[in-house]
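Engineer: One structure, as structure tokens, below. Some questions next.
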Amino acid sequence: MNIMETDFDIISDMFDTVYDDKIESNKDEEYYIGKAENILQQIEEDKDYFIFLKVFMKRYHGLNDIHKKDIIDAIGLKPEERIVYKEKIVYKEKKADKKKKLKLNMNDDY
């Protein structure tokens, strides 16, 4: 046994499964973890990992909210704070026109 065993080697030993490119349906969770570890072990460069992850995320929007939340929690994303500014519009009443024609008092005040 090698002193520096990878996660993939441990999983392979535990489940005695040969991993290839074919991914079967309706298997235990451990099967898919092993497949993912196998693929992850083969990707050495960060740019390659980024491309692979981007392709895998194509179906993210089809997941239910619980699965999306689990992924967000696993990644450690925090919600982005947003500051929203709202303009308050204030209307002032117009004062009476000063240029308005004065009315002549036709009533006799005397």
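Engineer: Please tell me if Tyr60 is in contact with a Lys or Arg (Cβ under 8 Å, 6 or more places away or on another chain) and among the hydroxyl-bearing types (Ser, Thr, Tyr).
Structural biologist: Values: in contact with a Lys or Arg (Cβ under 8 Å, 6 or more places away or on another chain): yes; among the hydroxyl-bearing types (Ser, Thr, Tyr): yes.
Judged against the criteria, Tyr60 is a match.
Engineer: Is the stretch 88-96 home to any residue that is assigned to a loop (DSSP other than H, G, I, E, B), surrounded by fewer than 10 Cβ atoms within 10 Å (Cβ to Cβ) and either at pLDDT 90 or above or touching a Pro at 6+ places or on another chain (Cβ under 8 Å) (or both)?
Structural biologist: There is no residue in the stretch 88-96 that is assigned to a loop (DSSP other than H, G, I, E, B), surrounded by fewer than 10 Cβ atoms within 10 Å (Cβ to Cβ) and either at pLDDT 90 or above or touching a Pro at 6+ places or on another chain (Cβ under 8 Å) (or both).
Engineer: Which residues, taken from the stretch 57-79, are loosely packed, with under 10 Cβ neighbours inside 10 Å and assigned to a helix (DSSP H, G or I)?
Structural biologist: Result: Lys58, Arg59, His61, Gly62, Asp65, Ile66, Asp73, Ala74, Ile75.
The values are calculated or read from the model by the stated rules, or taken from the named source; none is laboratory data. Every value quoted in this text rests on a predicted model; they were computed, and no experiment measured them. All Cβ positions, glycine included, derive from the backbone under ideal geometry; neighbour counts span all protein chains shown.
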